Amino acid sequence: MDSQGATADPQLQQFIEVESQKQRFQQLVHQMTEVCWEKCMEKPGPKLDSRTEVCFVNCVERFIDTSQFILNRLEQTQRGRGSFSESMSE
């Protein structure tokens, strides 16, 4: 067995990462749709009235803002832990 056999193919790793990102995005869209539908849709009809449309737009924007805030906060926490653990190992 050669040394390359022990490591994963970089193209395969990239493909898996892209597919994982697609899946996470689809889950986020599904969750956002579910939340905003429950919040904004009072009675389904053939057409959205302007109040319902505005509600959907605001809901989606707040959902995106909240998701971005959470991601940024997690990144800050991860960076903080990294520098803390690095300083502990010195």
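Quick rundown of the values:
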read-out: Solvent-accessible surface ranking, highest first, for Val54, Val29 at 1.4 angstrom; value: Val54, Val29
read-out: Rounded FRET efficiency, nearest 0.05, which uses the C-beta distance separating Lys43 from Arg73 and R0 of 41 Å; value: 0.65
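The values are calculated or read from the model by the stated rules, or taken from the named source; none is laboratory data. Keep in mind it's a predicted model, so treat the numbers as computed, not measured. For neighbour counting, all protein chains shown are included, and Cβ atoms are generated from backbone atoms with ideal geometry for every residue, glycine included. Heavy atoms of the whole protein, side chains included, go into the accessibility calculation; ligands, DNA and RNA do not. Shrake-Rupley method; radii C 1.70, N 1.55, O 1.52, S 1.80 Å.
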